[in-house]
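Since the structure comes first, as structure tokens, the remarks are kept for the end.
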Amino acid sequence: DQQVKQNSPSLSVQEGRISILNCDYTNSMFDYFLWYKKYPAEGPTFLISISSIKDKNEDGRFTVFLNKSAKHLSLHIVPSQPGDSAVYFCAASLTGFQKLVFGTGTRLLVSP
Amino acid sequence: DVKVTQSSRYLVKRTGEKVFLECVQDMDHENMFWYRQDPGLGLRLIYFSYDVKMKEKGDIPEGYSVSREKKERFSLILESASTNQTSMYLCASSLWTSATNEKLFFGSGTQLSVL
């Protein structure tokens, strides 16, 4: 039972354009959401997070949007750069519970 | 910066062997985790530990066990390796907290091949 889903296994974008990665979740109790980026042969690294009390969080070129009624979050990267090419995982958790539930990942390829 | 170190980047083992994957973190984190990453399946939690000698099963614990004798070290054990345990294994750590959310810090991973 996949509680966190990323329905697009891959996404290709041109450099300078916007990349939009999507994530859906089924458990309405989740109250904290994160995005991780993973390069080949490396561990995932934290990118950006959002609490359920917000609907948007920005950090430089990265913005995460949360739509609680739709149980949907998205990561926007503007402008996209070739160095952004990686696998992106969304994750969800409940405050006080120590573990994260991860999605299946989306491979982003940004071409020059 | 938090450092999570996994002892091996690549391992090749035979079916039936007992396999130990070691992980050490240097930030005095209470929580430690073992995930495996497989194409199309994302990261799936095998086991986690929130204190020394404490462990809890994750989503896919079958065929695995863990050991946490010291706070900084968390070991994953494959009692009798099988080919379906060929995977990328990722260790992570985080602070324990009841009131807020703490992000996980990951090691670089161990790519295990079971032949």
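The values are calculated or read from the model by the stated rules, or taken from the named source; none is laboratory data. If you're wondering where the values come from, they're calculated on a predicted model, not measured in any experiment. Here the Cβ positions follow ideal geometry from the backbone for every residue, glycine too, while neighbour counts run over all protein chains shown. When the accessible area is computed, the model is the full protein with side chains, heavy atoms only, and any ligands, DNA or RNA have been set aside. Shrake-Rupley method; radii C 1.70, N 1.55, O 1.52, S 1.80 Å.
Quick look at the numbers
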read-out: Test for B:Ser94: is it crowded, with 22+ Cβ neighbours inside 10 Å, out of contact with any Cys (no Cβ under 7 Å at 6 or more places or on another chain) and modelled with pLDDT under 95; value: yes
read-out: Residue list for the stretch A:1-49, filter: open to solvent by 40 Å² or more (accessible area, probe 1.4 Å), among the polar types (S, T, N, Q) and at the interface with chain B (Cβ under 10 Å from one of its Cβ atoms); value: A:Gln2, A:Gln3, A:Thr45
read-out: Segments classed as strands (runs of 3 or more DSSP E), wholly inside the stretch A:14-112, with at least 3 members that are in contact with a Phe, Trp or Tyr (Cβ under 9 Å, 6 or more places away or on another chain) and in contact (Cβ under 8 Å) with a residue 40 or more places away in the chain; value: A:19-25, A:32-38, A:72-77, A:86-93, A:106-111
read-out: Criterion violated by A:Thr63 - all others in (1) modelled with pLDDT of 95 or more; (2) under 20 Å from A:Met29 (Cα atoms) satisfied; value: (2)
read-out: Residues satisfying the stated conditions in the stretch B:40-63, i.e. more than 12 Å from chain A (Cβ to nearest Cβ), at positive phi and loosely packed, with under 14 Cβ neighbours inside 10 Å; value: B:Lys53
read-out: Selected residue (only one of B:Tyr35, B:Tyr89 is modelled with pLDDT of 95 or more, surrounded by 21 or more Cβ atoms within 10 Å (Cβ to Cβ) and facing chain A (nearest Cβ under 8 Å)); value: B:Tyr35
read-out: Lone qualifier among A:Val101, A:Val64 - being of a type outside the set (D, E, K, R), away from chain B (no Cβ under 13 Å) and crowded, with 16+ Cβ neighbours inside 10 Å; value: A:Val64
read-out: Count of residues meeting criterion [in contact with a Leu (Cβ under 8 Å, 6 or more places away or on another chain), over 20 Å from A:Lys38 (Cα atoms) and without any contact (Cβ under 8 Å) to a residue 60 or more places away in the chain] in the stretch B:23-57; value: 1
